[in-house]
Amino acid sequence: MNHAPAAQQHITVLQQEVVHGLAVVPGGTYVDCTLGAGGHAAAVLAASSPGGRLLGIDADPRAIRAAERRLQEWRGQCVLVNDTFANLQAVCASLGFTRVNGVYFDLGLSSLQLSEPERGFSFQADAPLDMRFGPLQSRTAADAVNDLPQDELARVLWIYGEEPRSYAIARRIVAARPVRSTGVLARIIAGVYRGPRGRIHPATRSFQALRIWVNDELGALGTALRQAVPVTGPGGRICVISFHSLEDRMTKQWFRQESTDCICPPGLPVCVCGHQATLKLITRRHIAPSEEEVERNPRARSAKLRIAERI
Ligand SMILES: C[S@@+](CC[C@H](N)C(=O)[O-])C[C@H]1O[C@@H](n2cnc3c(N)ncnc32)[C@H](O)[C@@H]1O
């Protein structure tokens, strides 16, 4: 009997807020950097009809196939590419998507990926410790768990997972090496937490941390944010939905820096940096999902949307 959970449908987060934030116009060109199941892409293509064009990028070849099915109706208006958004500028240039009207990111993983047990993202089923978004990634969660020095492993769990027991967990993992499966890892982590369980499983934060490390999610975001500016034409919009405080901080700081003319350290009598603003902030504070959206889709609860406009 197959005990694998059925493939879960991904519910798109802040869908109308992104369409509105991008100020989508008929005939406009857009780049979806995290295509996933194509939920945002479908809404953007609908709003940019007639004549809209969309380039969809995803590191996961399975996401590309799912989006191809979802976006059948707009086959002639979209190009879907299996690549990392860290290559945003090169992908856009090679396909003629220059000076686009909007670029957007919906970071993290999709419910589709979480519901495929063999991917190793979930501890609900026992599976190899993989956690790669796609074959482009060279390292797996097994590499982190079995090869990183104990201190480095603890640092990954603390920084990317904000796991308060990171040192105790890293010590237990190192003592249990080799650790080969999600189920074994989840049990090791649960063993560090005694007493009654909270609302979330004790392994949730560590699994998130390992996924971020495996896919170099913060490194890729930093690179892509820099590339999103030259890809976007004047008046075009950049939208970022993040689910993690480090991603949100990175986006906020980048938007703030790029919307400022001089970025010299404070106290200098004259500007020596020569920096000129390339963006205008559309959101000073992030946009959060409504209570009703969170009730419908609990996964949306930590989502934060920030928007900037190309000058
Ligand atoms: C939250 S899902 C997107 C869901 C989509 N917006 C929708 O509504 O159906 C995030 C997607 O981003 C992809 N992704 C994550 N990091 C990536 C990267 N560096 N480059 C390209 N795709 C990435 C994941 O594979 C996943 O499919």
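Things to note:
- A helix-only calculation puts the chain at -11500 deg cm²/dmol for mean residue ellipticity at 222 nm, using -39500 (n - 2.57) for each DSSP H run of at least four residues, averaged over all residues.
- Ordered by the number of other Cβ atoms lying within 10 Å of each residue's own Cβ, fewest first, TYR160, TYR193, TYR30 fall into the sequence TYR193, TYR160, TYR30.
- Candidates per trypsin sites (Lys or Arg not before Pro) in the range 128-198, loop by DSSP, up to 10 other Cβ within 10 Å: ARG194, ARG197
- Each pair of Cα atoms in the range 1-126 enters the Kirkwood radius, and Stokes-Einstein at 4 °C and 1.567 mPa s then converts it into a translational diffusion coefficient of 86 µm²/s.
- Reduced Cα scattering model of the range 169-311, Debye log10 I(q)/I(0), q = 0.11 Å⁻¹: -0.63
- Bins of 10 Å from zero: percent of alpha-carbon pairs in the range 138-214: 20, 62, 17, 1
- Kirkwood radius and radius of gyration were both taken over the C-alpha atoms of the chain, and their ratio Rg/Rh is 0.99.
Since every read-out is calculated from the coordinates, none of them should be taken as a lab result. Predicted, not measured: the structure shown is a model, and the values here were computed from it. Cβ coordinates were reconstructed from backbone atoms using ideal geometry, including for glycine residues, and neighbour counts include every protein chain displayed.
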